[in-house]
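Here's the structure, in structure tokens; my notes come after.
The values are calculated or read from the model by the stated rules, or taken from the named source; none is laboratory data. Predicted model, so just to flag it, every value in this text is computed and none were measured. For neighbour counting, all protein chains shown are included, and Cβ atoms are generated from backbone atoms with ideal geometry for every residue, glycine included. The protein model used for the area step is the full one, side chains on, heavy atoms only, and it has no ligands, DNA or RNA in it. Shrake-Rupley method; radii C 1.70, N 1.55, O 1.52, S 1.80 Å.
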Amino acid sequence: MGWKRNRLEAMNDTDLADVHLVGTDDEEIACNKAFLATTSPVFKRMFFRGFREQNEARCRLNYHSTVLTMIVKHCYCGGEVDMSEILDGSRSLEEEATFLVELCDAARYFELDEMHSDLETEIGNLVFKHGKYRYAWALLTGMLERGEDDGTLWCKLVQFVVENPKNCFDSTQRQRTGI
């Protein structure tokens, strides 16, 4: 467990930072290009293969800073995604679903295959095992907004909503849609 703690300390050590990732909310995450590149092929290409980001101190990315922080943490420490950090009760169901979709999209974009797979599994568990029916609709809506209307998880969620419409919508949504 010592190496993880050391990596987390390195993540918070601004002396080691050589780039700042800037999220859509303009918050910055200080990090080290080499740490990111050892885990993500996309970061490796961005920072070490002649792209403009190679020589920049700030890199603006199309993700919220909380999503970028989770990506950076994964690059530094690896391991499974801690869902308790995401589902801490501080967000509405729709906000949690949007966050999960954005995080899953970011993991796919940065080619963090293990993280992406873990997230899809955790999302599936939320809906299918733990009976979070309304998550299914919120997740589908978030995925559609990001243009992710394909893939295994999408198909499973669509099938789930079709088979369980009364459980996936609140009473107002059911009235609006005639379910």
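Below are the figures for this structure:
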read-out	value
Selection from segment 74-108 of residues that are part of a helix (DSSP H, G or I), within 15 Å of Ser40 (Cα to Cα) and touching an Asp or Glu at 6+ places or on another chain (Cβ under 9 Å)	His74, Cys104, Asp105, Ala107, Arg108
Boolean, Met70 is open to solvent by 20 Å² or more (accessible area, probe 1.4 Å), aliphatic (A, V, I, L, M) and within 21 Å of Phe47 (Cα to Cα)	yes
Extreme residue, modelled with the highest pLDDT, among residues of segment 8-38 that are β-branched (Val, Ile, Thr) and open to solvent by less than 50 Å² (accessible area, probe 1.4 Å)	Val22
Segment 111-126, subset touching a residue at least 24 places away in the same chain (Cβ under 8 Å) and under 15 Å from Arg146 (Cβ atoms), residue most open to solvent (accessible area, probe 1.4 Å)	Glu120
Qualifying residue in segment 75-93 (condition: surrounded by 15 or more Cβ atoms within 10 Å (Cβ to Cβ), in contact (Cβ under 8 Å) with a residue 12 or more places away in the chain, of a type in the set (D, E, K, R) and under 18 Å from Tyr135 (Cα atoms))	no
